[in-house]
Amino acid sequence: MTAYVVYSGDPVLRALEKITANKARVIFLVDARGHLDGVLSDGDFRRWISTSASINTEARVIEAANTSPRSLPIGSTPAEISHAFDAGVDHVPLVDERGHLVAIAINRADELRIGRHIVAADAPTVVIAEIGNNHQGDVAYAKRLVELSAEAGADIVKFQLRDMAALYRQGTDGSSGEDLGAQYTLDLLAKFNLDADQLFEVFDHCAKVGVDVMCTAWDPISVDRLVDYGVTSLKVASADMTNHALLRHMATSGTPMVISTGMSTEGEIRETVELIRATGVPHAFLHCQSTYPAPFKDVNLAYLIRLAELTQGPVGYSGHERGIHIPVAAVAMGARIIEKHFTTDKAQEGNDHTVSLLPGEFKEMVQRIREVEEALGSNSPRAVSTGEMMNRVNLAKSLVATRRIEVGHVLTEADVDIKSPGRGLQPNAWDKLVGRTTTRSFDPGDFFYATDLGAAAVRGRDYNFRRPWGLAVRYHDVESMTRDTTPDFLEFHFSYQDLDIDPAKVFSARLPMAFCTHAPELFAGDFILDLASPDNDVFQRSVHELQRVVDVTRRLKAYFREDEADPVIVANLGGFTKDGFVGASKRRVMYNRIADGLGLIDDAGVRICAQTMPPYPWHMGGQSFHNLFVDPSETANWAKEHGRRLCFDVSHSKLAANYLGLSFAETTELLAPHTDHLHLVDATGVDGEGVQVGDGEVDWALLAHQLDLLAPDAAFIPEIWQGHVNDGEGFWIALERLEQWF
């Protein structure tokens, strides 16, 4: 509530800052004792401005506020609160009998909270394991089903509660005289029904397991028992969607309601929607086909769209068909709740078992739902993903010079051709390029860049840093990258073909700087270095290839400034998988495997530094799952246990922190003490790596402060993706920005 409250004596500017922060366009004013004094909305502020002779944002906010705000007593029903909302009011203060602000009711018909879970368009789909009566009347079995549901990824488990005497016309006296279907149902319930106290024992177990509970209440007595217990949500079975008396009774409690629409006509759905809206209770409707099992031709997922239009709120899908693919499709159609029956044996007595999912099936359904959620994305303008950017460079085409072109030449069509790869201007810039006067010279095959369209070119210069700094280079661009600046060192990013080049054919004398190297990830035959691999052939080849990197690095010493410290070799040591992450116990085995592999390498005279890794690395434009050197605690422990040092890649570790939900400051505190080398580069999300410094999510001022304290001697390079193109333009921009912090 603090986001919506200021003191009446605070300055107007303070209130405006809070209005901006809470994004609600309103703030409530209280005195020192918490008494509600007024409200300030955007409209109130505009009226104050229009009637004031002069604007003073340091004036007391009470002077600009509406001092007669609409409020309701704290005990108001959902219906009373709902009626207080109108076209201009989405926030209503709730006060106690003395006028103290106690709570704020917010009109969010498009959002529903069930326990710890939000049901909304921008929230993960809430997945419900419908245990129902599949517990076979056994409390212990019910608890086991709860545990298995949670392990399978269920957010909520759902049960059913009936007071048999209140629900059925014959009470508890049996089923004689009923039709066959009703008789079958009553006989099952007589065998398998759990009473309220038994269910509450199971609900208590749910709390211990860490999964929320929803329960279908079939009668008013059951509603009252569940509300008194404090169940997070009441479910309305399809059979009760037209039972308006029961729905009204549920709604009076204010407990969120989830209503299935199976066996109902659209007219009946409309009636119930109107009734539920009038109560003001938080709610969501589920599309449902109440046949067991439901034929695919009758499921009609397209109705989800219409149901959302009718209810103007979140909708979901309760499925009784076979398989897991229909709920996954429902998510793609807009379902924000998925409910599926859950069992351990489909052959058990009871018609729900037949349409239930086994734990493994349920787990796979949840996994596929999460994948579809990721894939759905948004309808914002299309952006090129990191993987696509890599493939665009490799596969797309660029505008290149056809011949030697001097400065001051007016470009003609004959001067320009379209060739791969896609490092330069895309072919669609042809018309913008032809006719321009060149500001630099070109050799045949040189790329044209954005700077050739008139943008000012950024060039290297002398830089001033508190720690050694360097540049990422290949053998062929050392001269061009050091033309305008002299870094403290060069970091050679080897390709596997570079390892076959004799350094003596590249360098004729010592360069006035130090150096380090970066081992290739990819080798001939699509081989990716992986010292963690359980495959002995992969392991042995990885050791062999890394030894080659060490040998070449040692040979390079003859061509660079002699340094006190041995040159660093940055290496991605492996630990990736293609289909998903592995568990902690398997990671421990993989970490030890890497340590064993490093022990087989003669690394005298060099320092092999394990590079910190992102959760979703890109290998030749394809995304993998990385398991090692992602979690900062595990990485730091490995470095300490095995006496190894790290290359702290800021982009990689920021992505890892985002994925793990960790503070990046905490991540830095863990990794920096074990760091000998830094890759400074920004990041976004969980897989947006290589972002230009200052264009992502890294707090550079804080990072620089931490590194000064924890790793003051670690050298760095700006590791901007494609930073070397256009004579290092990306690197120069990064260095310009980094100077203010480092």
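The values are calculated or read from the model by the stated rules, or taken from the named source; none is laboratory data. Keep in mind the model is a prediction, meaning the values are calculated, not measured. Positions of Cβ are backbone-derived with ideal geometry, glycine not excepted, and every protein chain shown enters the neighbour counts. What goes into the accessible areas is simple: the full protein's heavy atoms, side chains included, and nothing from ligands, DNA or RNA. Shrake-Rupley method; radii C 1.70, N 1.55, O 1.52, S 1.80 Å.
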Scanning region 264-282 residue by residue, those open to solvent by less than 60 Å² (accessible area, probe 1.4 Å), within 21 Å of L112 (Cα to Cα) and either assigned to a helix (DSSP H, G or I) or in contact with a helix residue (DSSP H, G or I) (Cβ under 6 Å, 6 or more places away or on another chain) (or both) turn out to be I269, T272, V273, L275, I276, A278, T279, G280, V281
List the number of the failed condition for R392; all other conditions in (1) in contact (Cβ under 8 Å) with a residue 24 or more places away in the chain; (2) touching a strand residue (DSSP E or B) at 6+ places or on another chain (Cβ under 9 Å); (3) not β-branched (V, I, T) hold.
(2)
Hey, could you check region 609-626 for residues that are out of contact with any Pro (no Cβ under 9 Å at 6 or more places or on another chain) and open to solvent by 10 Å² or more (accessible area, probe 1.4 Å) and say which is modelled with the lowest pLDDT?
G621
Which numbered condition in (1) closer than 16 Å to P444 by Cα; (2) of a type in the set (V, I, T); (3) exposed (fewer than 14 other Cβ atoms within 10 Å of the Cβ) is the only one that V416 fails?
(3)
Give me the helices (runs of 4 or more DSSP H) completely within region 296-350, filtered to those with at least 2 residues that are open to solvent by less than 20 Å² (accessible area, probe 1.4 Å), ordered by residue number.
303-311, 325-332
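Looking only at region 30-60, which residues are out of contact with any strand residue (DSSP E or B) (no Cβ under 6 Å at 6 or more places or on another chain) and within 27 Å of F85 (Cβ to Cβ)?
At the first step, the residues of region 30-60 found to be out of contact with any strand residue (DSSP E or B) (no Cβ under 6 Å at 6 or more places or on another chain) are 32-33, 42-43, 45-57, 59-60.
The answer is D42, G43, F45, R46, R47, W48, I49, S50.
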Contact list, first residue from region 23-37 and over 17 Å from I74 (Cα atoms) and among the small types (G, A, S), second anywhere and part of a loop (DSSP other than H, G, I, E, B) and open to solvent by less than 20 Å² (accessible area, probe 1.4 Å), beta-carbon distance below 9 Å, six or more apart or interchain, is A32/S8
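Give the residue, chosen from A734, A715, A701, A665, that is within 21 Å of V478 (Cβ to Cβ), open to solvent by 10 Å² or more (accessible area, probe 1.4 Å) and small (G, A, S).
Details: A734 fails: open to solvent by 10 Å² or more (accessible area, probe 1.4 Å); A701 fails: within 21 Å of V478 (Cβ to Cβ); A665 fails: within 21 Å of V478 (Cβ to Cβ).
Among A734, A715, A701, A665, only A715 is within 21 Å of V478 (Cβ to Cβ), open to solvent by 10 Å² or more (accessible area, probe 1.4 Å) and small (G, A, S).
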Pick from region 4-34 the residues that are under 28 Å from the mean Cα position of the chain (by Cα) and among the hydroxyl-bearing types (S, T, Y): which of them is nearest to I104 (Cα to Cα)?
Y4
Flagged in region 571-581 as farther than 19 Å from Y659 by Cα and open to solvent by 40 Å² or more (accessible area, probe 1.4 Å), in numbering order, are none
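Among D452, D498, D484, which is the only one that is of a type in the set (D, E) and farther than 23 Å from L735 by Cα? Break it down into steps so the answer makes sense when it comes.
Values: D452 fails: farther than 23 Å from L735 by Cα; D484 fails: farther than 23 Å from L735 by Cα.
Criteria check complete, one pass: D498.
Would you tally the residues in region 475-488 being under 18 Å from V550 (Cα atoms) and in contact (Cβ under 8 Å) with a residue 40 or more places away in the chain?
Filtering region 475-488 for residues under 18 Å from V550 (Cα atoms) gives 475.
From what's left, in contact (Cβ under 8 Å) with a residue 40 or more places away in the chain: none.
The total comes to 0.
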Out of V552, V568, V543, V538, which single residue is modelled with pLDDT of 95 or more, within 19 Å of R474 (Cβ to Cβ), surrounded by 15 or more Cβ atoms within 10 Å (Cβ to Cβ) and out of contact with any His (no Cβ under 6 Å at 6 or more places or on another chain)?
V552
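Out of region 516-550, which residues are of a type in the set (S, T, N, Q) and either assigned to a strand (DSSP E or B) or within 18 Å of L628 (Cα to Cα) (or both)? If you could, list the steps in order and put the result at the bottom.
Residues of region 516-550 of a type in the set (S, T, N, Q): 517, 533, 536, 540, 542, 547.
T517, S533, S542, listed by residue number.
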Breaking point among (1) on the phi > 0 side of the Ramachandran plot; (2) surrounded by 14 or more Cβ atoms within 10 Å (Cβ to Cβ), for K23
(2)
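Test A604 against the stated conditions and say whether it is outside any helix (DSSP H, G or I), out of contact with any Ser or Thr (no Cβ under 6 Å at 6 or more places or on another chain), buried (at least 21 other Cβ atoms within 10 Å of the Cβ) and of a type in the set (G, A, S). Talk me through it step by step, then tell me what you get.
On the way: outside any helix (DSSP H, G or I): yes; out of contact with any Ser or Thr (no Cβ under 6 Å at 6 or more places or on another chain): yes; buried (at least 21 other Cβ atoms within 10 Å of the Cβ): no; of a type in the set (G, A, S): yes.
For A604, the condition - outside any helix (DSSP H, G or I), out of contact with any Ser or Thr (no Cβ under 6 Å at 6 or more places or on another chain), buried (at least 21 other Cβ atoms within 10 Å of the Cβ) and of a type in the set (G, A, S) - is not met.
Can you give me the number of residues within region 444-469 that are in a helix (DSSP H, G or I) and at pLDDT 95 or above? First the steps, then the outcome.
Taking region 444-469 and keeping what is in a helix (DSSP H, G or I), we get 450-453.
Of the ones still in play, those that are also at pLDDT 95 or above are none.
The total comes to 0.
Within region 522-535, take every residue that is of a type in the set (D, E) and open to solvent by 60 Å² or more (accessible area, probe 1.4 Å) and give me the one that is nearest to the chain's Cα centre (by Cα). Break it down into steps so the answer makes sense when it comes.
Step one: filter region 522-535 for residues of a type in the set (D, E), giving 526, 530, 535.
Keeping just the survivors that are open to solvent by 60 Å² or more (accessible area, probe 1.4 Å) gives 526, 535.
On the way: D526: 30, D535: 32 Å.
By that ranking, first place goes to D526.
Name the residue that is nearest to Y317 (Cα to Cα), counting only residues in region 212-251 that are polar (S, T, N, Q) and within 37 Å of the chain's Cα centre (by Cα).
Step one: of region 212-251, the residues polar (S, T, N, Q) are 216, 222, 232-233, 238, 242-243.
This time we only want the ones that are within 37 Å of the chain's Cα centre (by Cα), so: 216, 232-233, 238.
Working: T216: 16, T232: 19, S233: 16, S238: 12 Å.
Among them, the one singled out is S238.
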Tell me whether region 422-431 contains one or more residues that are over 40 Å from the mean Cα position of the chain (by Cα), assigned to a loop (DSSP other than H, G, I, E, B) and surrounded by 14 or more Cβ atoms within 10 Å (Cβ to Cβ).
no
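Would you pick out the residues in region 505-514 that are open to solvent by 20 Å² or more (accessible area, probe 1.4 Å), touching a residue at least 24 places away in the same chain (Cβ under 8 Å) and not in a loop (DSSP other than H, G, I, E, B)?
So the first thing to find is which residues in region 505-514 are open to solvent by 20 Å² or more (accessible area, probe 1.4 Å), and the list is 505-506, 508-512.
Filter once more, keeping what is touching a residue at least 24 places away in the same chain (Cβ under 8 Å): 506, 509-512.
Residue satisfying the conditions is L511 alone.
When region 351-363 is examined, which residues are found to be in a loop (DSSP other than H, G, I, E, B), among the aliphatic types (A, V, I, L, M) and either buried (at least 22 other Cβ atoms within 10 Å of the Cβ) or in contact with a His (Cβ under 9 Å, 6 or more places away or on another chain) (or both)?
The answer is V355, and nothing else.
Among V393, V400, V384, V366, which is open to solvent by less than 30 Å² (accessible area, probe 1.4 Å), not in a helix (DSSP H, G or I) and not basic (K, R)?
Working: V393 fails: not in a helix (DSSP H, G or I); V384 fails: open to solvent by less than 30 Å² (accessible area, probe 1.4 Å); V366 fails: not in a helix (DSSP H, G or I).
One residue alone meets the criteria, V400.
Pick from region 474-496 the residues that are among the acidic types (D, E) and more than 37 Å from the chain's Cα centre (by Cα): which of them is least open to solvent (accessible area, probe 1.4 Å)?
First pass over region 474-496, keeping only residues among the acidic types (D, E): 477, 479, 484, 488, 491.
Filter again for more than 37 Å from the chain's Cα centre (by Cα), leaving 477, 479, 484, 488.
Values: D477: 18, E479: 149, D484: 74, D488: 58 Å².
Taking the candidates together, the pick is D477.
Select the helices (runs of 4 or more DSSP H) contained entirely in region 1-89, then report the ones holding at least 1 residues which are under 30 Å from M257 (Cβ atoms). Lay out the reasoning, then the answer.
Numbers: elements: 12-22, 42-51, 78-84.
The qualifying helices (runs of 4 or more DSSP H) are 12-22, 78-84.
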Of all residues being over 16 Å from H35 (Cβ atoms) and hydroxyl-bearing (S, T, Y) in region 61-91, which is least open to solvent (accessible area, probe 1.4 Å)? Just the residue, please.
S76
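Quick one: which of I49, I114 is under 20 Å from T311 (Cα atoms) and open to solvent by less than 80 Å² (accessible area, probe 1.4 Å)?
Unique residue meeting the criteria: I114.
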Of all residues in region 697-718, which are in contact with a Phe, Trp or Tyr (Cβ under 7 Å, 6 or more places away or on another chain) and part of a helix (DSSP H, G or I)?
W700, A701, A704
Subset of region 718-729 [open to solvent by less than 50 Å² (accessible area, probe 1.4 Å), under 18 Å from F492 (Cβ atoms) and of a type outside the set (A, V, I, L, M)]
P718, E719, Q722, G723, G728
